[in-house]
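S.K.: Would you mind keeping the following structure in view while I ask a few things?
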Amino acid sequence: MPWDVIKLYVTTDAEMTDDAYNWQQRRLEEIRKGDNPESERFYNMLMGRIEREYLAMRANYEMERRGLGYDDETSLAAADKLEAAAREIERRMPFNVRPKETHRYFIQQLGLETDRLTDGGKPSIDEEQMRKWIADGIPWAEEHMLVSKARRASSMWYRGYPEKMGADGRLRTVFKQGDVKSGRFAVERVQLQAIPKADKYAQVGSSVRLPIYEDIPDVRDLIRPREGYGLWNLDLSQAELRVATKYAECERMARELANGEDIHSNNTIELDLCSGPDHPLWKQKRDIAKRTTFGGIFQIGPETFQATLSKLANVYLPLEECAVIIHRWRSRYPEFGTEYRRQQRKAYAEKYVYLLPYTPLEERSYFTSYDRPQTAWNRVVQGSLAIVFKMWMGETERSWPGNLVLMIHDSLVLECPLDEGDEIAAEVAAYGRELTTNAFETEMRVDIDRWDRVLEHA
């Protein structure tokens, strides 16, 4: 663009940025020299926060710059297979898998009713409704689901990822550092924080893959390191559960975590979902118990729990049964409900909650008129985790530069030279474990696993 056209925009932008920086520095200096006894503490808190955000910004930039290798050739071949399989299934169906045709067949021809309506008052045929119809044995509901899954997988991942690759064969997501109230990161352009896991390809309650995914590689297996490098995933294990347990002072959950018990198996039995591991539906029932716990710590309600099971576990349960399960879980762990209500009252009355409460890193997170006080407890847990995770991520880039390629919620992905990757991953994990354990004053864990497989050139 010609300089005489863009000059005003470029110079004004630079001048406003400089003005904002200078104002910030003057304000910080005023705080530092203030007469209030709390001035020094507040100043140190602000400087610590600025440092954390700056280091996180640098780490985000470096991850965006480096990108993540991806096998586009194999991915596109998989997309072709998925689309061909979808066409073959649809060819046998009495209708096309399009909204109008789907509505005509299930609502008009079969005379079915849906559980919900759209905002326009029409029957809502979403994925959750389709799962219920599959459970009820409605003709062509399962085929509709398979076709939809195949086309979505092709569009989002197998064809979608290659279309967004750089010329160097790398995928690059864009991190949004300040868009989430809890302080966590969101991403755009390429959703690399939602890479599908192996269970997304499986039949409900088993490890058997859906027929539509036969001979289709997992998306994660198509993520490839550079030659001579490997990929290490460092996961802050059960982070939300451990932090919520600490802040809610839940003795039963704390004891189960400290003893290394299988909480989800315990709850499968204690919530009366099934009798034990010998039950034919044990895996499915344990998954229900797992979803109950991860939703229960934030006081999820029966309706949301029903929708979560349908979306994440491919399980449909009647609303009444969901309510019973939720009630039993809350009775086992009542402290979470008590803390949820306490934080909600604080958000209503004082318009803020504390993150990392009762620690040197404690800070306030404010609620505006647009924020819902019902989210206060979530913000305490997730916001506190976000602060410490930024510290782990920023220090990883500063002390082990050049290795960080992706952040996924509570995980860091490192691309390291094969001859020193195990050592680097162990050092980063040890630092993360010590940092989080000290910050939350409760035992935290970092699990390490390899994403890449042994390649011919390795």
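S.K.: Across region 296-313, which residue is surrounded by the most Cβ atoms within 10 Å (Cβ to Cβ) among those that are closer than 23 Å to Arg252 by Cβ, in contact (Cβ under 8 Å) with a residue 24 or more places away in the chain and within 21 Å of the chain's Cα centre (by Cα)?
M.R.: Here the answer is Ile297.
S.K.: Sticking with this one: Check Cys274 against each of (1) outside any helix (DSSP H, G or I); (2) open to solvent by 30 Å² or more (accessible area, probe 1.4 Å) and name the one condition it does not meet.
M.R.: Among (1) outside any helix (DSSP H, G or I); (2) open to solvent by 30 Å² or more (accessible area, probe 1.4 Å), the lone unmet condition for Cys274 is (2).
Yes/no per residue for (1) touching a residue at least 24 places away in the same chain (Cβ under 8 Å); (2) part of a strand (DSSP E or B); (3) closer than 21 Å to Arg242 by Cβ:
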| residue | (1), (2), (3) |
| --- | --- |
| Val380 | yes, no, yes |
| Ala386 | yes, no, yes |
| Phe389 | yes, no, yes |
| Gly394 | yes, no, no |
| Arg398 | yes, no, no |
| Val405 | yes, yes, no |
| Leu412 | yes, yes, yes |
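S.K.: How about region 151-203: which of its residues are of a type in the set (S, T, N, Q) and either under 21 Å from Arg291 (Cβ atoms) or under 18 Å from the mean Cα position of the chain (by Cα) (or both)?
M.R.: Thr173, Gln177, Ser182, Gln191, Gln193, Gln203
S.K.: Please go through region 382-414 and give me each residue that is among the small types (Gly, Ala, Ser) and either under 18 Å from Met47 (Cα atoms) or open to solvent by less than 20 Å² (accessible area, probe 1.4 Å) (or both), ordered by number.
M.R.: Gly383, Ser384, Ala386, Gly394, Ser411 - these are the residues of region 382-414 that are among the small types (Gly, Ala, Ser) and either under 18 Å from Met47 (Cα atoms) or open to solvent by less than 20 Å² (accessible area, probe 1.4 Å) (or both).
S.K.: Let me ask something else about it. Would you please name the residue that is surrounded by the most Cβ atoms within 10 Å (Cβ to Cβ), looking only at residues in region 145-197 that are of a type in the set (S, T, N, Q) and modelled with pLDDT under 90?
M.R.: Ser182
S.K.: For residues that are in a helix (DSSP H, G or I) and surrounded by fewer than 19 Cβ atoms within 10 Å (Cβ to Cβ), scanning just region 212-240, find the one that is modelled with the highest pLDDT.
M.R.: Selected residue: Glu240.
S.K.: Okay, moving on. Residue check: is Arg26 of a type outside the set (Val, Ile, Thr), open to solvent by 80 Å² or more (accessible area, probe 1.4 Å) and touching a residue at least 12 places away in the same chain (Cβ under 8 Å)?
M.R.: So Arg26 fails the test.
S.K.: Being open to solvent by less than 50 Å² (accessible area, probe 1.4 Å) and among the basic types (Lys, Arg) is the requirement here; does Arg41 meet it?
M.R.: In short, no.
S.K.: Please find, within region 145-176, the residue that is farthest from Asp71 (Cα to Cα) out of those that are touching a strand residue (DSSP E or B) at 6+ places or on another chain (Cβ under 9 Å) and of a type outside the set (D, E, K, R).
M.R.: Step by step, filter region 145-176, then rank; the result is Phe175.
The values are calculated or read from the model by the stated rules, or taken from the named source; none is laboratory data. Values in this document were obtained by computation on a predicted structure and should not be read as measured data. Ideal geometry is used to build each Cβ from the backbone, glycine not excepted, and the neighbour counts take in all protein chains shown. These area figures cover heavy atoms from the full protein model, side chains too; ligands, DNA and RNA do not enter into them. Shrake-Rupley method; radii C 1.70, N 1.55, O 1.52, S 1.80 Å.
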